[in-house]
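Remarks on the structure that follows.
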Amino acid sequence: MLFDFEKIPPRQAYNLVIGLVAPRPIALVTTLNEDGSVNAAPFSAYNYLCLDPPILGLGLADRGPQGEPKDTARNIERAGEFVVNVVSEDLAQAMNACAVDFPAGVSELKQAGLEAEPGSLVSTPRIRQAHAAMECRLWQVLTPGRGRIILGRVLAAFVEDRFVDPQGPYILSEDLHAIGRMNGTGNYVRTRDAFLKIPRISYENWMKGERG
Ligand SMILES: Cc1cc2nc3c(=O)[nH]c(=O)nc-3n(C[C@H](O)[C@H](O)[C@H](O)COP(=O)(O)O)c2cc1C
């Protein structure tokens, strides 16, 4: 089957792309609402895009026929900062609760049974129950169409000690159990007991016949 993206409606393109760019990490993003309360919502159009400086990217679709920005986008543009909370298996249901379209004034955090913990370098809190989080300052917003690509510079990362190997430092990903989003039909993947170790091969070793 071949899908010509010039000929299919955006919804179909979305369905195909999110099934093919998978599994995706999930950023549970906290931002500050105008009244100072904390907003939380998950985004899987998310990755790191540059290391020096450390830049993360988020893709936020607009809402409704008028193309209203989501609260997260509005908050990031106003406050100039956000926090990405890492979604591990134990936070999966709470993360999903944060995606419910609650009316204005209802706290997603409270509904999801989560609590806010003050940030260190930003005014935006992280989520206390998240084992790791990155504090970001807005770097740039791109507006390619009916949505926003938000680029944020990572200012600081909080990681619970038990998930850090200080030698690298490396994240002990085998223990953190981050989950990934698949094709948008409610499918996710666990990373618990799912690791494949494939060390990089140098050119010299490749020429000597090493194949992993
Ligand atoms: C796992 C998951 C991933 C999501 N990823 C995205 C995404 O990448 N971009 C997006 O616009 N919405 C995404 N959503 C939907 C938003 O989380 C949802 O629209 C949310 O209500 C936005 O909240 P806000 O208005 O407080 O920003 C995702 C939902 C779930 C459950």
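Among the chymotrypsin sites (Phe, Trp or Tyr not before Pro) found in the stretch 129-212, those both in a DSSP coil and sparsely packed, with 10 or fewer other Cβ atoms within 10 Å of their Cβ, are PHE195.
The stretch 85-152 and the stretch 1-50 have Cα centres lying 14 Å from one another.
A cut-off of 5 Å between modelled amide H atoms, ignoring neighbours fewer than 5 places along the same chain, links GLU81 with LEU138. Cβ-to-Cβ counts within 10 Å put ASP165, ASP71 in ascending order as ASP165, ASP71, the fewest first.
Here LYS70, LYS208, LYS197 are placed in order of increasing Cβ neighbour count within 10 Å, fewest first, which gives LYS197, LYS208, LYS70. Size estimate for the stretch 10-207 follows the Kirkwood approach: the inverse of mean 1/r over distinct Cα pairs works out to 17.8 Å. For the stretch 108-212, rounded, prolate or oblate, judged on the Cα gyration tensor with a ≥ b ≥ c (square roots of eigenvalues), a/c < 1.5 rounded, else prolate if a/b > b/c? Prolate, since a/c reaches 1.5 and a/b exceeds b/c. Rounded to the nearest Hz, the phi-derived 3J(HN,Hα) couplings of the stretch 7-12 under the Karplus curve 6.51 cos²θ - 1.76 cosθ + 1.60 (θ = phi - 60°) are 10, 9, x, x, 5, 5, where x marks glycine and proline. Taking a straight Cα-Cα cut-off under 30 Å and skipping sequence neighbours fewer than 8 places away in the same chain, the lysines within cross-link reach of LYS110 are LYS70.
Report relative contact order for the stretch 10-207 in percent, whole number only (criteria: Cα-Cα under 8 Å, sequence separation at least 6). Numbers along the way, then the final one.
Details: 389 pairs, mean separation 46.9, N = 198.
RCO, the stretch 10-207: 24 percent.
Highest mean first, what order results for 75-84, 90-99 on Cβ atoms within 10 Å?
Numbers: 75-84: 21.4, 90-99: 18.0.
Highest mean packing first, the order is 75-84, 90-99.
Under a Gaussian network description of the chain, with springs only between Cα atoms under 10 Å, the residue in ARG148, ARG137, ARG63 that fluctuates furthest is ARG63.
Any read-out appearing in this document is the output of simple, stated calculations on the displayed coordinates, not a laboratory observation. The structure displayed is predicted, hence computed values, not measured ones. Here the Cβ is made from the backbone with ideal geometry for all residues, glycine too, and neighbour counts use every protein chain on show.
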